[in-house]
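The values are calculated or read from the model by the stated rules, or taken from the named source; none is laboratory data. Note that the structure is predicted; figures quoted are calculated from it, not measured. Because the Cβ atoms are built from the backbone with ideal geometry, glycine has one as well, and the counts that use them run over all protein chains shown. Heavy atoms of the whole protein, side chains included, go into the accessibility calculation; ligands, DNA and RNA do not. Shrake-Rupley method; radii C 1.70, N 1.55, O 1.52, S 1.80 Å.
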Amino acid sequence: MITEILVAVAIGVLAFMVFMAVWYLMILPNKRKGLLEEARKASEKETEVLKQKKLLEVKEKFLSKKAELEKEVRQRNQQIQQAENRIKQREMTLNQKQEELVRRKQETDAIRQRVDNMQALMQKREEELDERQNSLLEQERTKLEEISGLKAEEAKERLIESLKDEARTNAAAYINEIMDDAKMTANKEAKRIIIQTIQRVATETSVENSVTVFHIENDEVKGRIIGREGRNIRALEAATGVEIVVDDTPEAIVISAFDPVRREICRLALHQLVADGRIHPARIEEVVAKVKKQIEEEILETGKRTTIDLGVHGLHPELIRIIGKMKYRSSYGQNLLQHARETANLCAVMASELGLNPKKAKRAGLLHDIGKVPDEEPEMPHAVYGAKLAEKYKEKPDICNAIGAHHDEMEMTSLLAPIVQVCDAISGARPGARREIVEAYIKRLKDLENIAMSYPGVVKTYAIQAGRELRVIVGADKIDDKQTEQLSADIATKIQNEMTYPGQVKITVIRETRSVSYAK
């Protein structure tokens, strides 16, 4: 019984499964097709919505662009209109000017016509006067011949003879007067020429010292420069021939030597060594040798540039090198190259005033101190040694004589010699050219500050730039802006009247208002 029931249940389940399989195979394709159709319609609907949205965005962009273009067009139309208005205004102005020019031309033509008519009338009257004058002269001559009983030619010869005698007498007297006047005015004329020469050649002057300060970034570099037990600094002093002073001065090393070339070599060598970082005796000797070569090249280049600037050509290469060495020499604090250039320009100007050859004078002035920069120390004055150098390098005798005689150590045999002597003295005596005594220099600066402090309202004074500028600080509550201008003029006038100084002094009066508050 149970078996039959299980068989019947199995048959029922099998039949149900067959039914479900048949239903799945018949019904599912239709359902899938419907789902695909619904998906297609939904996609088309979304596409249409997106299309409408994009169209709206495009329309909005189009409208904004259109508005911008219309605005730009309006602006350009306005600019064009303004330009047209300006052009019309210019046309009207030009038309008015043209009409004015036409009117003035007509007036000028009328005036010219009147002047031509007057000139023609004057010429006609002059011809009439000449004819009348000639007839009167002829009548007077005839009367004079009748009265004197002499012909015109005889009278002319007698008159010429008497005039010759009188002219000889007057000429002799005039020559004596000129000679006496020349003797009296020779000194005055010489001073005039010298003053004009000084005024026409004005150069700035600078004072050099016997020390050079080498700045370093920090004090740690000092120890590297000194080296272990001082071996580096000894090697550097031996290679350059200078004295290096390393003291407590912050971030500075002092290089001391009487020879500026040695100081410059040491300074450049120190600069390269510190920048490179390798500081030891072998490296020091290598760098110093390299720097010496660079300095020699710079000396030669300086000499060439100086001769080109002054227009002095045809010098021997050794003389050009000596001129370049002058850059690193000084005479009583005055740079020797600047002194030689100034003397050359002074000689050229003075020679032109005296009617001599300015080029030869400039050449002699440039070379007059070459004896001060010898490669080996001579046992003779620098002027004589310079003359021998110039003669050795084929300079002309008058130039050699001018070089050797500019300190009266040789006899002057040409006019160039006194010119070089005078111009050398002018250049050396120019105020500020050569080193002042330190005490006098400090006193002058103090006197400048005291003069400014003597005026009411002055708070502080500072003399700067070696006394060439005086800064005066005044109280804002005591002096107004207009009074500052008057104060600077008063101080300048008082300094001119009471002090002696080289060059000029610039007085700067500073007035400022400060307001200070504290946030607590």
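I need the full set of residues from segment 305-314 which are in contact (Cβ under 8 Å) with a residue 40 or more places away in the chain and among the hydrophobic types (A, V, I, L, M, F, W, C), in order please. If you could, list the steps in order and put the result at the bottom.
Step one: of segment 305-314, the residues in contact (Cβ under 8 Å) with a residue 40 or more places away in the chain are 306-307, 310-312.
Once the filter is applied, which keeps residues that are in contact (Cβ under 8 Å) with a residue 40 or more places away in the chain and among the hydrophobic types (A, V, I, L, M, F, W, C), segment 305-314 yields Leu310, Val312.
Pairs linking a residue in segment 453-480 that is without any contact (Cβ under 8 Å) to a residue 12 or more places away in the chain to a residue that is of a type in the set (Ser, Thr, Tyr), with Cβ atoms under 6 Å and 6 or more positions apart or on different chains, are Met453/Thr461.
Okay, residues lined up against (1) of a type in the set (S, T, N, Q); (2) within 25 Å of Ile442 (Cβ to Cβ); (3) assigned to a helix (DSSP H, G or I); (4) at pLDDT 80 or above:
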| site | (1), (2), (3), (4) |
| --- | --- |
| Gly467 | no, yes, no, no |
| Gln483 | yes, no, yes, yes |
| Gln486 | yes, no, yes, yes |
| Ile491 | no, yes, yes, yes |
| Tyr501 | no, yes, no, no |
| Gln504 | yes, yes, no, no |
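Based on this model, can you work out whether Ala275 counts as outside any loop (DSSP other than H, G, I, E, B), surrounded by 15 or more Cβ atoms within 10 Å (Cβ to Cβ) and modelled with pLDDT of 75 or more? Judged against the criteria, Ala275 is not a match. For segment 285-318, give me each residue that is in contact with a helix residue (DSSP H, G or I) (Cβ under 7 Å, 6 or more places away or on another chain), over 28 Å from Gln272 (Cβ atoms) and part of a helix (DSSP H, G or I). Those that are in contact with a helix residue (DSSP H, G or I) (Cβ under 7 Å, 6 or more places away or on another chain), over 28 Å from Gln272 (Cβ atoms) and part of a helix (DSSP H, G or I): Thr307, Leu310. Taking the criterion of being open to solvent by 70 Å² or more (accessible area, probe 1.4 Å) and part of a loop (DSSP other than H, G, I, E, B), the residues of segment 455-465 that qualify are Pro456, Gln465. Residues in segment 305-331 that are open to solvent by 40 Å² or more (accessible area, probe 1.4 Å) and either of a type in the set (S, T, N, Q) or more than 20 Å from Asp375 (Cα to Cα) (or both): Arg305, Ile308, Asp309, His313, Gly314, Ser330.
When the criteria are applied in full, Glu60 meets the requirement of being among the acidic types (Asp, Glu), open to solvent by 100 Å² or more (accessible area, probe 1.4 Å), out of contact with any Phe, Trp or Tyr (no Cβ under 6 Å at 6 or more places or on another chain) and assigned to a helix (DSSP H, G or I).
Quick grid of which residues meet (1) modelled with pLDDT under 65; (2) exposed (fewer than 11 other Cβ atoms within 10 Å of the Cβ):
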site: Glu177; (1), (2): no, yes
site: Met184; (1), (2): yes, yes
site: Ile193; (1), (2): yes, no
site: Glu208; (1), (2): yes, no
site: Phe214; (1), (2): no, no
site: Asp219; (1), (2): no, no
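Regarding Leu150, is this residue modelled with pLDDT under 85, surrounded by 10 or more Cβ atoms within 10 Å (Cβ to Cβ) and outside any helix (DSSP H, G or I)? Here the answer is yes, as Leu150 does meet what is asked.
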